[in-house]
Structure formats: C-alpha cells, structure tokens
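The block underneath contains the structure these notes are about, expressed in structure tokens.
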Amino acid sequence: MPKKSIAALTSLTAVAGGVAAWGVLVERTNFRLRREILPILDAGSDPIKVLHLSDLHMAPWHTSAISWIRELAALEPDLVVGTGDFLGHRDGLSALTEALMPLAGIPGVVTHGSNDRVAPRWKNPLAYLLGPSVPGPHQNELLDFAGLSRLYSETLGWRDIDNGATRMRINNSTLDFVGVGDAHDHLDELGSLPSLLEQLREGEDSSQERAHQSITTVGVTHAPYQRVLDAFVTNGCDAIFAGHTHGGQVCLPGGRALTTNCDLPTAQASGLGLWAHATRSSYLEVSAGLGTSIYAPVRLFCPPEAVLVTLVGDDISYA
C-alpha cells in the first residue's frame, strides 16, 4: 500500500477513534436540561412546571447520572411525567431509588418500556440504522418490575398509567392523563382509550368542575409509534409525552437523527413539535432521554437530556 494511503488510513482511524471516545467518555454524561412552553391550559391559568424524564436505563455505576438527576428537584416541578425504561440492569433499582428520592411527594405519572421489565441483551448497534429492532419472545433476564412499581406508587407517590388513566388537580387546573403500554412490544391497548377517558369524564367529580373551566388531556407513551400518536389525537389529547427514541443517540452534526427505532419520522426524534392526524393535531414532546443501553454506552451529537415543560394558558403572547 502506498505511503500516502497508509497515512490517510491512519488519520481516518485516529479521527474515528477520537469521535468514539468523545461519544463514550464525554457526551454520554454531558447532561442537559431542555426547556419548553406549552400553551394548552385555559386562558389565565397558573403555570404548571412538568419535569419530563425518560430512558434512564439505570445501572449501579451510573453515579454521574444519579447526582445530576437528584439536582433536578431544585427546579421545584409541579408534576413529573416518566415515559419508561428507567431500569436497565438487574441491580439498577437501588441506584434508581437514590436518583429519584428528592422527587418523592411531587405528583407524577409513569408508563413503562421493555427495559423496565427485562434486562437488555447485546445487539449490533449498527442494526438500528437498518430499521427498528424487532421484538421477539423475551428470553432476557427478568428485572425487579414489582420493586419498580413499589418505588413509584409507595415511595414516590406516582401513578402508573400503563394502559390506564388518571385525573389530577394541579395549580387550580384539571388534567386528565391517559397512557398506553410499550408499543414497541405491542403492549399498547389502543382500543381501551375511549373507555378510559369516558370513565374519567363521567366520574363522580366531573359534575363539580367549574362550568367555565375545561379539562386538559395529556397522552403518555414510551414508544411514539404513529398508531399511538394518531389514537391520542383522535381521542382529544392536547399534548403527548414520549421517549424511546434516545433522540437517535448517534446523530449527524446538528443533532440530525438517523433512526428513531420506531416509525416516527427522524425529524421528530426529539424536541417539541406537532402531530397531525385526520384534521386534528396535538403537541408532541419527545425526550432524547438520559441514558443508553449498557451494551451501547455512546451518544454523538445527541446529549442526554431531561425536559422542563411549562404548561401555560393559551392566551400567553410570544410577541
């Protein structure tokens, strides 16, 4: 091989190695807080600060993530929305408990991802670029999902809305939350959405709502498959919270995702946008998440994030 070719190959290898090292050693723990504003409350409503957490994939050695997540309590959120895959290792529950304890007592709703129930297994990371991973019969090691559920309900006081719904009264606004199971594992029971919302809207306290005040409806899902987003829009959700995508995890410069690991367009792999379906639309907030699979501990042009979404009245001016 000519010397010039050898030199070029050596330089290319060095650059690739440097980029990989940056993604593993630096950007993977370069945690960011993204802030968004959603004008979906009644005019004149008090703001509601929502902390959106997703895809922590917690393992015992994630000490920097634990410390950073604990500091989020200083934001004084009014509500936490969790969109799944908080676990990621068989011994991750204690670390997750330590990370989330400062948020105990703050109202919250959660749905789940597959890694909340089963441990990840090694996969070729490049396979994601060819299309979404194909879930099959889970032969992975079972995680302590029962312990995770107790952490949410008994320790933190959060409500599990995996294929469920709940109503909350926060800062004088009424919010209905409806969630679905992990669509990536086909656990989304979309046919139950109308009845879940009907039960909330015909509940005992519905007649006590002030006649001039509307109810804000929020959809929550781990994996933002188009069928899920369409169903949420059809059923009148004003906003949708989702995770799963990791923002693409390994992106092109500028954060341009190459994959979402579902059928969500890559342009909406993370961030706040709109999802339109059948002449209606809802706000769509997709978190890039805070972690990665323990078998693919790298991020590139896609730093880990938590999101602080402030819900405000729809009379707020941005001029």
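The values are calculated or read from the model by the stated rules, or taken from the named source; none is laboratory data. Remember, it's a predicted structure, so these values are computed and weren't measured experimentally. Cβ placement follows ideal geometry from the backbone for every residue including glycine, while neighbour counts extend to all protein chains displayed. Ligands, DNA and RNA are stripped out before the accessible areas are found, and what is left, the full protein with its side chains, is counted by its heavy atoms. Shrake-Rupley method; radii C 1.70, N 1.55, O 1.52, S 1.80 Å.
Hey, any idea what Rg/Rh is for the range 263-319, computing Rh the Kirkwood way over Cα pairs?
1.07
Magnitude of the Cβ-charge dipole of the range 174-319, K/R +1 and D/E -1, about the Cα centre, nearest 20 debye? The partial results should precede the final answer.
Details: 6 positive and 17 negative charges, 138 e Å.
With only Lys, Arg, Asp and Glu charged at Cβ, the dipole is about 660 debye.
Skip the ligands, DNA and RNA, and give the accessible area per residue of the range 221-319 with a 1.4 Å probe, whole Å².
Per-residue value: 37 Å².
For the pair MET101/SER64, report the inter-label distance in nm, with labels modelled 7 Å from Cα in the Cβ direction.
2.3 nm
Counting only protein heavy atoms, what percent of the accessible surface of the range 132-204 is carbon or sulfur at a 1.4 Å probe?
Accessible surface attributable to carbon and sulfur in the range 132-204 totals 48 percent.
Per Stokes-Einstein, at 4 °C and 1.567 mPa s, what whole-number D in µm² s⁻¹ belongs to the range 156-273, with the Kirkwood radius over Cα pairs as the hydrodynamic radius? Show your work: numbers first, answer last.
Values: Rh = 15.4 Å.
It diffuses with D of about 84 µm²/s by this estimate.
May I ask for the net charge around GLN226, where only other residues with Cβ less than 12 Å from the Cβ of GLN226 are counted and Lys, Arg are +1 while Asp, Glu are -1?
Details: positive: ARG227; negative: ASP188, ASP230, ASP263.
Local net charge: -2.
As an exercise, take the mean of 1/r over every pair of distinct alpha carbons in the range 206-288, invert it, and state the Kirkwood radius in angstroms. The partial results should precede the final answer.
Values: mean 1/r = 0.0738 Å⁻¹.
Evaluated over the range 206-288, this radius sits at 13.5 Å.
Please identify the chymotrypsin sites (Phe, Trp or Tyr not before Pro) of the range 234-304 that satisfy two criteria: DSSP loop assignment and at most 15 other Cβ atoms within 10 Å. Which are they?
Answer by residue number: TYR295.
Please report the projected area of the range 33-184's Cα convex hull averaged over all directions, in nm².
The Cα convex hull of the range 33-184, projected and averaged over all directions, gives 10.3 nm².
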